[in-house]
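**Q** Provided herewith is a single structure, encoded as structure tokens, for subsequent inquiry.
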Amino acid sequence: MNSKYKVLVADDSVEDQQITQFVLRDDPHFQISTCVSNGDQVIAYFKGWYAFADRARYPLPDILLLDMDMPYRDGFEVLRWLKSHPQDNLITVMFTSSDLEEHVAKASSLGANGYIVKPGTVRELQSVPGRLLGIVNAVRHAEEGASPLFRFESLEATDTGLGSFL
């Protein structure tokens with residue numbers, strides 16, 4: 001692959017945004033395009049409103065990492081909007097702290113391609129790029145004719161020390 005996947009991070013926690021940027025920063029497959037703090041900003045980004053109109057600075061992403069609990073519009077409301085306003089070749093992955101079955105099922109029914117529970121440890125954090133790449137590869141493989149796949153990724157917490165990633 002010649003270029004990295006452009007990632008839009010939607011999370012109301014600045015700390016979680018920074019941790020996500022840190023985890024993906026040196027990965028050869030991903031590049032964070034920008035971070036937004038709420039669902040309304042996600043929609044403004046896709047519509048190209050305000051500063052987001054500058055596509056050289058704010059390119060359309062290949063991947064949306066979407067937190068569930070955000071102000072104005074939560075992750076599920078963003079998924080509903082995306083369902084009625086499809087974005088070409090966008091891979092949508094819920095990246096949230098909830099591992100409740102009903103949240104996973106709801107994300108899948110609203111069109112998310114994957115669901116990753118935020119890691120609780122430094123060791124688990126190191127697995128995020130690989131887990132994200134697994135979802136991307138599954139989606140790309142499905143586009144080539146294989147059965148569509150929704151991937152749920154969760155790990156058990158065994159360590160401490162990451163603020164809201166706990």
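**Q** Just one of the numbered conditions (1) touching a strand residue (DSSP E or B) at 6+ places or on another chain (Cβ under 6 Å); (2) over 16 Å from residue 30 (Cβ atoms); (3) crowded, with 20+ Cβ neighbours inside 10 Å is not true of residue 99; which one?
**A** All conditions pass for residue 99, except number (3).
**Q** Among (1) touching a Phe, Trp or Tyr at 6+ places or on another chain (Cβ under 7 Å); (2) over 13 Å from residue 113 (Cα atoms), where does residue 78 come up short?
**A** Of everything listed in (1) touching a Phe, Trp or Tyr at 6+ places or on another chain (Cβ under 7 Å); (2) over 13 Å from residue 113 (Cα atoms), residue 78 misses just condition (1).
**Q** If you don't mind, there's one more thing I want to ask. Spot the failing condition for residue 58; the list is (1) touching a Ser or Thr at 6+ places or on another chain (Cβ under 8 Å); (2) touching a residue at least 40 places away in the same chain (Cβ under 8 Å), and only one is missed.
**A** Here residue 58 clears every test but (2).
**Q** Could you list, in sequence order, the residues of the range 53-83 that are over 14 Å from residue 96 (Cβ atoms), in contact with a strand residue (DSSP E or B) (Cβ under 9 Å, 6 or more places away or on another chain) and surrounded by fewer than 23 Cβ atoms within 10 Å (Cβ to Cβ)?
**A** Passing the criteria: 57, 58, 59, 60, 62, 82.
**Q** One residue is enough: does the range 115-124 have a residue meeting the conditions touching a helix residue (DSSP H, G or I) at 6+ places or on another chain (Cβ under 8 Å), surrounded by 17 or more Cβ atoms within 10 Å (Cβ to Cβ) and of a type in the set (Gly, Ala, Ser)?
**A** Yes, the range 115-124 contains at least one residue that is touching a helix residue (DSSP H, G or I) at 6+ places or on another chain (Cβ under 8 Å), surrounded by 17 or more Cβ atoms within 10 Å (Cβ to Cβ) and of a type in the set (Gly, Ala, Ser).
**Q** Right, next: Mind telling me which of the residues 90, 82 ends up being touching a residue at least 24 places away in the same chain (Cβ under 8 Å) and either under 26 Å from residue 22 (Cα atoms) or acidic (Asp, Glu) (or both)?
**A** 90
**Q** Would you tally the residues in the range 59-76 being over 24 Å from residue 140 (Cβ atoms) and more than 14 Å from the chain's Cα centre (by Cα)?
**A** Of the residues in the range 59-76, 3 are over 24 Å from residue 140 (Cβ atoms) and more than 14 Å from the chain's Cα centre (by Cα).
**Q** Quick one: which helices (runs of 4 or more DSSP H) lie wholly within the range 85-166 and hold at least 3 residues that are among the β-branched types (Val, Ile, Thr) and at pLDDT 85 or above?
**A** By residue number, 128-143.
**Q** Does residue 46 satisfy the condition of being more than 27 Å from residue 127 (Cβ to Cβ), in contact with a Leu (Cβ under 8 Å, 6 or more places away or on another chain) and modelled with pLDDT of 95 or more?
**A** yes
**Q** Within the range 14-46, work out how many residues are assigned to a loop (DSSP other than H, G, I, E, B) and surrounded by 18 or more Cβ atoms within 10 Å (Cβ to Cβ).
**A** Count: 2.
**Q** A follow-up question, please. Given the conditions (1) at negative phi; (2) loosely packed, with under 13 Cβ neighbours inside 10 Å, report the number of the one that residue 110 does not fulfil.
**A** Unmet for residue 110, out of (1) at negative phi; (2) loosely packed, with under 13 Cβ neighbours inside 10 Å: (2).
The values are calculated or read from the model by the stated rules, or taken from the named source; none is laboratory data. Note that the structure is a prediction, hence the values are computed from the model and not measured. Note: ideal-geometry Cβ built from the backbone for every residue, glycine included; neighbour counts use all protein chains shown.
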